[in-house]
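Data first, discussion second: the structure below is written as structure tokens.
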Amino acid sequence: MTDPHQALCLAHEHEAQGRQPEARRLYAEIGSVEALTALGKNLLTRPPIEPYEGVAKIVDAANKGGAEAVYLCGTMSALGAGLAQNWSMALQCVAASAERGWQNAKDELRLLGGTSIDLMALLEPGTLREVHRTPRIAVAEKFLKPEFCDWLIARGRPKIDRARTFRTADGAQDKARDNSAAEFNFVEIDVVLAIIRARIATLAGLPAKGLENTQVLHYATGQRFAPHYDYLDTANRAVAKSIAESGQRAATFLVYLNDDFDGAETEFVKLDWRWRGAKGDAILFWNVDEAGKPDASTLHAGLAPTRGEKWLLSQWIRQAP
């Protein structure tokens, strides 16, 4: 196949249909900046994961002028994953990507402050106010600015799909919830989301490496998440391996991304207490007690909107075993 565009389309098709060896071979044969970037993303997100090779391909593509590739280098620098954490370098990469014409980078620079980005202010986590001691629950008013909330909704909207649970190893759909979710994997996180994740980790007092993939949740009118626990059941063999490798899901952090709806509170069933934040408000609750044991008093539900739609950022945080 001599047409590079046609070859790239075929490689994408292989990838989408699960034929990763064929996709990787073809990306490597094409060898263009776009193909190298696609190969790097594939190696980082599609099993079998090959992190070192994936990062190397993206860095190679960035050095060869790739706009998306240097943008991804910015994200990796912000996360300290794949590349050493360096917030200044992260912003420089986003600026370089914007100069190369990558639209996402242009939009992100405007959101972050354009030519006068105040990094210290962006990373300032804010403050928590305790509302319950047992279980441990705190809220952070105005955790996110409205424009950051709008950014997250816009990022999540094209990706939303039926939400899943962790009752089984494969995260199957569950009748307990009928809302939608958009999950952001390693190469889908941007610097904005990396900043938000860093602030969440600081407020929770837990290492950022314990943050699971961030999700943006969507509840249409009438959709809900029935009463449930966020901690992982240590007696469930399907998730025991995950707990052993990554730790217990110790805390949950939720941010209300809009407020033009009715109902849709977060309800703590055993406390007989409901909370609903304004746009940008956040709640942090611990799913385990101070000894690290699952806390049954954290039974909670995502109630349904009675009018309009609800958008949330949801961040689960693991605590190292």
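The values are calculated or read from the model by the stated rules, or taken from the named source; none is laboratory data. This structure is a prediction, so every number in the text was calculated from the model and none was measured. Positions of Cβ are backbone-derived with ideal geometry, glycine not excepted, and every protein chain shown enters the neighbour counts.
Annotations
- Which numbered condition Cys73 misses (of (1) under 30 Å from Ala198 (Cβ atoms); (2) free of Cβ contacts under 8 Å to residues at least 40 places away in the same chain; (3) in contact with a Ser or Thr (Cβ under 8 Å, 6 or more places away or on another chain)): (3)
- The residues on offer are Val139, Val94, and the sole one that is surrounded by 13 or more Cβ atoms within 10 Å (Cβ to Cβ) and within 17 Å of Trp286 (Cβ to Cβ) is Val139.
- Val239 being in the same structural domain as Leu193 (by TED's automatic domain parsing) and over 20 Å from Asp150 (Cβ atoms): yes
- Set side by side, the residues Asp161, Asp150, Asp107 differ, and just one is modelled with pLDDT of 95 or more, under 24 Å from Leu44 (Cβ atoms) and among the acidic types (Asp, Glu), which is Asp107.
- Of all residues in the stretch 105-126, none satisfies being surrounded by fewer than 19 Cβ atoms within 10 Å (Cβ to Cβ), touching a residue at least 60 places away in the same chain (Cβ under 8 Å) and polar (S, T, N, Q).
- Scanning the stretch 9-32 for residues being buried (at least 18 other Cβ atoms within 10 Å of the Cβ) and in contact (Cβ under 8 Å) with a residue 24 or more places away in the chain gives a total of 3.
- Residues of the stretch 226-284 classified as crowded, with 16+ Cβ neighbours inside 10 Å, of a type in the set (D, E, K, R), more than 17 Å from Val216 (Cα to Cα) and without any contact (Cβ under 8 Å) to a residue 60 or more places away in the chain, total: 1
- Single residue of the stretch 36-53 satisfying the filter (farther than 14 Å from Ser97 by Cα and surrounded by 22 or more Cβ atoms within 10 Å (Cβ to Cβ)) that is farthest from the chain's Cα centre (by Cα): Leu36
- Members of the stretch 62-73 that are under 15 Å from Leu83 (Cα atoms) and surrounded by 23 or more Cβ atoms within 10 Å (Cβ to Cβ): Ala62, Ala69, Val70, Tyr71, Leu72, Cys73
- Yes/no for Gly171 being touching a Leu at 6+ places or on another chain (Cβ under 8 Å), small (Gly, Ala, Ser) and either surrounded by fewer than 20 Cβ atoms within 10 Å (Cβ to Cβ) or modelled with pLDDT under 95 (or both): no
- Test: residue in the stretch 211-224 that is surrounded by fewer than 18 Cβ atoms within 10 Å (Cβ to Cβ), out of contact with any helix residue (DSSP H, G or I) (no Cβ under 7 Å at 6 or more places or on another chain) and not in a loop (DSSP other than H, G, I, E, B): no
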